[in-house]
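Q: First the structure, which I've put down as structure tokens, then a few questions once you've had a look.
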Amino acid sequence: MTSTQPPHAGDVIYTARLIRTANPSHPTATAIAVRHGKVLSVGTLEDCQQWGITTIDRQFEDKVLTAGFVEAHSHVMTGMYSTFPFVGWFGRHMPDGRWVDAVKSTDELVERLRTIAAEKESGSPIVVAGFDPIYLDTERLSCHHLDEATTQHPIFVYHASGHLATVNSFVLNKYDIGPNHPAPGVGYHGDGQPNGELREPAAMALARDEFRLLGRVVFAPETLDGFGQTMRNAGITTATDLGNVFHNNEEVLKTVLETTEKESFPVRMASVPRILGGPDGIDEMVSRVLTARTHSHDKMHMPVVKMVLDGSIQGFTAVVNWPGYITGEDHGLFLFPPEQVVDLLRPFHQAGIGIHCHCNGSSTSGVFIDAIEQLLREHAWLDHRHTITHAQLITHAQMRKAKNLGMSANFFVNHVWFWGEQHRDFTVGPDRASAMNPCATADRIGLQYSFHTDSPVTPAGHLHTMWAAVNRVTPHGSVLGPNERIEVDRAFHAVTIDAAYQLHMDHLVGSLEVGKYADMTVLEQDPYEVDAMAIRDVPVWGTILGGIPSKSTAQR
Amino acid sequence: MTPTPRIPVLVIGGYLGAGKTTLINNVLSSATQRIAVVVNDFGSVNIDASLIRERHNDTIELTNGCICCAVGESLADVLFSILDRTELPEVVVIEASGVANPAAVAAFAHIEGFHHLGNVVLVDGTHALETSKDPLVGRTFSLQVQAAHLLAITKSDEATDSVISEVRSIVSSLAPSTPLVLTTSATLSSLMMNVAPHADSAVTATHTEFSTTTLSHVSAQDEKQLFAFLQNFPPNVVRAKGIVELANGDRRLVQKVGSTISISQTELPTTGLVLISLK
């Protein structure tokens with residue numbers, strides 16, 4: 001075959017055992033040609049060579065390349081473990097690839113803290129994160145345990161739930177937190193002395209300096225780098241920071257733009273501003289977002305905005321329809337007045353900015369869907385792709401309506417594994433727990449959907465979400481909602497092209513098609529071929545981002 | 001105990017439309033002290049352009065020494081940044097969002113450098129009947145009313161007497177021991193912000209529903225005795241403020257907002273105690 005075009009510097013063809021494109025016209029291939037960071041051709045080696053490219057990179061010949069995984073709902077705070085040591089119950093990879101073992105008892109926590117303290121100047125703060133006492137059967141953590149680690153440093157143990165911190169006596173003394181402190185949220189021993197627990201941010205903020213370290217970390221370049229590395233190590237090529245305030249501060253925005261533009265930044269990022277305040281400030285926010293958007297570059301996009309409308313199901317703060325939670329009268333609380341939602345969203349809808357709305361509960365999904373219906377009556381934007389994110393307890397009627405309105409759902413399907421049994425036994429009961437994140441019904445109805453991890457809430461990585469959607473198993477081995485299981489091919493599309501669609505980025509990423517970014521996930525095995533229960537165990541080699549291989553640093 | 005006096009924090013709560021922003025506007029326009037108001041967003045706050053000295057990101061500085069801060073992502077951060085200022089405000093007024101539980105907002109008022117004055121919760125006289133029964137937000141409404149130290153029914157002139165009486169009875173059944181006033185935003189603003197120990201108090205000069213009593217020589221053995229003294233005020237005392245001397249010569253700023261009493265250290269001279277009662 002003759003070449004029709006001369007090769008360019010950097011042109012390359014990658015060969016692979018198999019390429020899964022997420023493009024139904026050509027679902028599989030064995031070679032992909034890259035020019036200027038974009039897909040030039042995907043098919044056979046012969047197809048690719050038609051472009052006259054002579055550089056053939058065969059390093060992936062025994063591996064499986066897939067369209068790069070797209071994460072449409074995660075958070076930059078994923079990278080906080082670059083700054084704060086991780087002390088969780090499940091071992092986890094750190095952004096730099098180090099594996100950190102689980103902390104299985106208060107003794108182990110104290111030992112970790114003692115090691116950290118030994119390297120720190122006395123008085124300098126020790127903040128650790130990810131502590132998850134739900135699983136500990138040892139004594140409840142108190143300031144006395146922490147005092148065994150050090151009495152010369154302030155210690156602030158931030159729990160995985162985000163609702164609680166435990167501090168040592170150094171901190172209690174530093175901020176004069178004694179018996180009968182007026183702040184709600186300060187925990188006490190039976191004798192009336194504080195036990196070191198500070199519940200909810202208001203009480204955590206009593207430990208001013210340590211709490212402020214936690215608040216500032218989200219703006220640190222190391223956190224952003226840690227986010228990028230964690231995502232790359234999980235095989236993600238486009239990752240979203242869903243709900244930030246970068247657009248509000250020019251310096252912060254500049255740092256984010258510069259950090260993500262560096263060649264070493266290993267992921268393409270979707271940065272999504274969060275709607276805050278009331279309707280009177282929205283026009284200004286729209287203009288800030290549109291201005292910030294003009295600074296976008298290849299690795300930093302600002303496609304949509306986010307609203308958070310309720311809380312979490314396990315925290316009993318998601319707003320659920322009748323009959324509510326099985327354990328109480330507490331049926332959740334809205335974070336915006338429902339009748340105000342349409343006013344808050346209208347300026348975005350009219351400006352052509354997509355909206356992702358955090359709706360865990362069924363009432364909340366209903367309020368959001370109704371608001372979108374109202375906006376569409378007023379202003380016909382047919383390609384809005386407004387997305388119900390989490391959508392965990394969405395009803396079938398709501399899904400039919402959402403489908404008719406052209407909306408999407410981004411399911412938090414990992415919940416089936418991480419909290420499914422709690423939902424069945426404690427929050428909403430078996431009927432609704434088994435119908436949570438109803439992927440198969442969404443397919444029956446025709447509602448477009450994707451999956452997310454909400455990292456760091458659950459660990460970054462789409463092999464796990466695919467696994468959860470395909471199997472719907474719980475830690476004790478039951479299958480929660482067998483009729484909502486889906487095929488692996490469907491799950492693969494949910495974490496690639498369908499996620500890209502919701503971000504209005506499907507012309508750029510989400511499948512391997514000519515002209516799109518050459519973003520690929522590099523796997524050691526084919527998730528379609530392994531046993532369904534082994535999908536989450538498929539090793540990730542790393543990614544190819546814009547045609548450049550980027551090997552995972554995760555220690556196996 | 002830290003020697004620096006703590007800045008009092010007043011929380012204004014109430015469901016969407018209850019008149020919180022109107023109250024905030026009144027507080028700012030009639031300010032006689034350096035007030036920091038923390039609002040959901042600037043858009044609805046009615047600040048005369050000629051009063052704006054400077055705007056930086058989420059803070060507007062006014063020429064009368066007041067500042068207006070937008071709460072953004074973290075109330076704690078806003079409060080920390082207020083403490084970082086070279087000229088500290090004399091009082092902080094936080095406007096809770098229309099769905100916030102004022103108690104949860106008030107929890108932040110115990111950060112070092114502040115103390116909590118109380119929660120004033122506004123109830124929209126024209127909409128409270130529907131809101132209180134609404135399946136989506138009825139519970140939010142109840143929690144807001146129950147978190148109040150002082151309840152104020154607003155827009156009472158726009159509703160019939162029978163509606164207002166029904167609103168009163170709903171609110172009273174939710175919070176039976178919380179003082180309840182029916183008044184205008186301007187009066188409420190004076191009642192909270194401009195209570196001074198002089199006979200011509202702004203509150204009573206123009207408003208006939210309240211009466212003022214000044215106790216010019218109040219002294220107490222200690223804080224405990226002072227607290228007991230204040231607790232024994234009759235329930236129609238909806239507001240009190242003054243600086244009182246203790247036996248050891250220390251002075252305390254005393255404030256009562258509805259059902260709650262706060263006592264904090266002060267270096268200022270004694271003033272006696274002003275009591276404002278519902279007639």
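Q: Under the condition of being out of contact with any strand residue (DSSP E or B) (no Cβ under 8 Å at 6 or more places or on another chain) and within 12 Å of chain B (Cβ to nearest Cβ), which residue from segment A:159-179 is nearest to A:SER312 (Cα to Cα)?
A: Checked segment A:159-179; the qualifying residue nearest to A:SER312 (Cα to Cα) is A:TYR175.
Q: Given the criteria out of contact with any Ser or Thr (no Cβ under 6 Å at 6 or more places or on another chain), among the β-branched types (Val, Ile, Thr) and either more than 30 Å from A:ALA460 (Cα to Cα) or crowded, with 23+ Cβ neighbours inside 10 Å (or both), does A:THR364 qualify?
A: Values: out of contact with any Ser or Thr (no Cβ under 6 Å at 6 or more places or on another chain): yes; among the β-branched types (Val, Ile, Thr): yes; either more than 30 Å from A:ALA460 (Cα to Cα) or crowded, with 23+ Cβ neighbours inside 10 Å (or both): yes.
The answer is yes for A:THR364.
Q: Follow-up. Output the number of residues of segment A:181-200 satisfying the condition of being in contact with a helix residue (DSSP H, G or I) (Cβ under 6 Å, 6 or more places away or on another chain) and either more than 13 Å from A:LEU141 (Cβ to Cβ) or surrounded by fewer than 15 Cβ atoms within 10 Å (Cβ to Cβ) (or both).
A: Adding up the residues that qualify gives 6.
Q: In the set B:GLY17, B:GLY43, which member is at the interface with chain A (Cβ under 9 Å from one of its Cβ atoms), under 29 Å from B:SER132 (Cβ atoms), modelled with pLDDT under 90 and over 17 Å from the mean Cα position of the chain (by Cα)? Spell out the reasoning first.
A: Numbers: B:GLY17 fails: modelled with pLDDT under 90.
Among B:GLY17, B:GLY43, only B:GLY43 is at the interface with chain A (Cβ under 9 Å from one of its Cβ atoms), under 29 Å from B:SER132 (Cβ atoms), modelled with pLDDT under 90 and over 17 Å from the mean Cα position of the chain (by Cα).
Q: A further question follows. Considering A:THR54, A:THR66, which residue is out of contact with any helix residue (DSSP H, G or I) (no Cβ under 6 Å at 6 or more places or on another chain), of a type in the set (S, T, N, Q) and part of a strand (DSSP E or B)? Walk me through how you get there before you give the answer.
A: Details: A:THR54 fails: part of a strand (DSSP E or B).
On inspection, the qualifying residue turns out to be A:THR66.
Q: Do we find that B:HIS127 is of a type outside the set (A, V, I, L, M, F, W, C), within 14 Å of chain A (Cβ to nearest Cβ) and over 22 Å from the mean Cα position of the chain (by Cα) in this structure? Spell out how you get there, then give the answer.
A: Details: of a type outside the set (A, V, I, L, M, F, W, C): yes; within 14 Å of chain A (Cβ to nearest Cβ): yes; over 22 Å from the mean Cα position of the chain (by Cα): yes.
Yes: the conditions hold for B:HIS127.
Q: Name the residues in segment A:491-508 that are assigned to a helix (DSSP H, G or I) and either farther than 14 Å from A:ALA67 by Cβ or modelled with pLDDT under 95 (or both), would you? Working first, answer last.
A: First, the residues of segment A:491-508 that are assigned to a helix (DSSP H, G or I): A:491-494, A:497-502.
Once the filter is applied, which keeps residues that are assigned to a helix (DSSP H, G or I) and either farther than 14 Å from A:ALA67 by Cβ or modelled with pLDDT under 95 (or both), segment A:491-508 yields only A:GLN502.
Q: Kindly list the number of the only condition in (1) surrounded by fewer than 24 Cβ atoms within 10 Å (Cβ to Cβ); (2) in contact (Cβ under 8 Å) with a residue 40 or more places away in the chain; (3) in contact with a helix residue (DSSP H, G or I) (Cβ under 6 Å, 6 or more places away or on another chain) that fails for A:PHE418.
A: (3)
Q: Is it true that some residue in segment B:62-75 is in the same structural domain as B:SER156 (by TED's automatic domain parsing), outside any helix (DSSP H, G or I) and either charged (D, E, K, R) or modelled with pLDDT of 95 or more (or both)? Let's see the steps before the verdict.
A: Within segment B:62-75, the subset in the same structural domain as B:SER156 (by TED's automatic domain parsing) is B:62-75.
Filter again for outside any helix (DSSP H, G or I), leaving B:62-74.
In the following step, the residues that additionally are either charged (D, E, K, R) or modelled with pLDDT of 95 or more (or both) were identified as B:73.
Within segment B:62-75, one or more residues are in the same structural domain as B:SER156 (by TED's automatic domain parsing), outside any helix (DSSP H, G or I) and either charged (D, E, K, R) or modelled with pLDDT of 95 or more (or both).
Q: Within segment A:268-362, considering only strands (runs of 3 or more DSSP E) that don't extend past its boundaries, which have at least 2 residues that are touching a helix residue (DSSP H, G or I) at 6+ places or on another chain (Cβ under 6 Å)? Reasoning before the result, please.
A: Values: elements: A:268-273, A:304-308, A:354-359.
Strands (runs of 3 or more DSSP E) meeting the threshold: A:268-273, A:354-359.
Q: Looking at (1) in contact with a Lys or Arg (Cβ under 6 Å, 6 or more places away or on another chain); (2) at pLDDT 85 or above; (3) within 16 Å of B:PRO8 (Cα to Cα), which one does B:VAL195 not meet, given that it meets all the others?
A: (2)
Q: Right, another one. Look through segment B:73-89, keep the residues that are over 15 Å from A:PRO201 (Cα atoms) and surrounded by 18 or more Cβ atoms within 10 Å (Cβ to Cβ), and return whichever of them is nearest to the other protein chains (Cβ to nearest Cβ). Give the steps one after another, and end with the answer.
A: In the first step, residues of segment B:73-89 are kept if they are over 15 Å from A:PRO201 (Cα atoms); the result is B:81-89.
Subset that is surrounded by 18 or more Cβ atoms within 10 Å (Cβ to Cβ): B:82, B:89.
Working: B:ILE82: 13, B:PRO89: 18 Å.
Applying the filter and picking the extreme gives B:ILE82.
One line per residue, one yes/no per condition, for (1) at pLDDT 95 or above; (2) surrounded by 24 or more Cβ atoms within 10 Å (Cβ to Cβ); (3) at the interface with chain B (Cβ under 9 Å from one of its Cβ atoms):
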| residue | (1), (2), (3) |
| --- | --- |
| A:TRP322 | no, no, yes |
| A:LEU333 | no, no, yes |
| A:LEU345 | yes, yes, no |
| A:HIS349 | yes, no, no |
| A:ASN360 | yes, yes, no |
| A:LEU376 | yes, no, no |
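Q: Mind checking which residues of segment A:238-267 are in a helix (DSSP H, G or I), buried (at least 19 other Cβ atoms within 10 Å of the Cβ) and within 14 Å of chain B (Cβ to nearest Cβ)? Spell out how you get there, then give the answer.
A: First pass over segment A:238-267, keeping only residues in a helix (DSSP H, G or I): A:246-248, A:250-261.
Narrowing the set further to residues that are buried (at least 19 other Cβ atoms within 10 Å of the Cβ) leaves A:246-248, A:253, A:256, A:259-260.
Answer for segment A:238-267, where residues must be in a helix (DSSP H, G or I), buried (at least 19 other Cβ atoms within 10 Å of the Cβ) and within 14 Å of chain B (Cβ to nearest Cβ): A:PHE246, A:HIS247, A:ASN248, A:LEU253.
Q: Here's another thing I want to ask about it. Got a sec? Which of B:ASN57, B:ASN25 is surrounded by fewer than 21 Cβ atoms within 10 Å (Cβ to Cβ) and either within 22 Å of B:ASN194 (Cβ to Cβ) or away from every other protein chain (no Cβ under 14 Å) (or both)? I'd like the intermediate steps shown before the answer.
A: Working: B:ASN57 fails: either within 22 Å of B:ASN194 (Cβ to Cβ) or away from every other protein chain (no Cβ under 14 Å) (or both).
Every option except B:ASN25 fails the conditions.
Q: Taking segment A:201-237, which residues are surrounded by fewer than 21 Cβ atoms within 10 Å (Cβ to Cβ), within 11 Å of chain B (Cβ to nearest Cβ) and part of a loop (DSSP other than H, G, I, E, B)?
A: If the condition is that a residue be surrounded by fewer than 21 Cβ atoms within 10 Å (Cβ to Cβ), within 11 Å of chain B (Cβ to nearest Cβ) and part of a loop (DSSP other than H, G, I, E, B), then no residue fits.
The values are calculated or read from the model by the stated rules, or taken from the named source; none is laboratory data. Given the structure is predicted, the values throughout are model-derived calculations rather than measurements. So basically every Cβ, Gly included, is an ideal-geometry build from the backbone, and we count neighbours across all protein chains shown.
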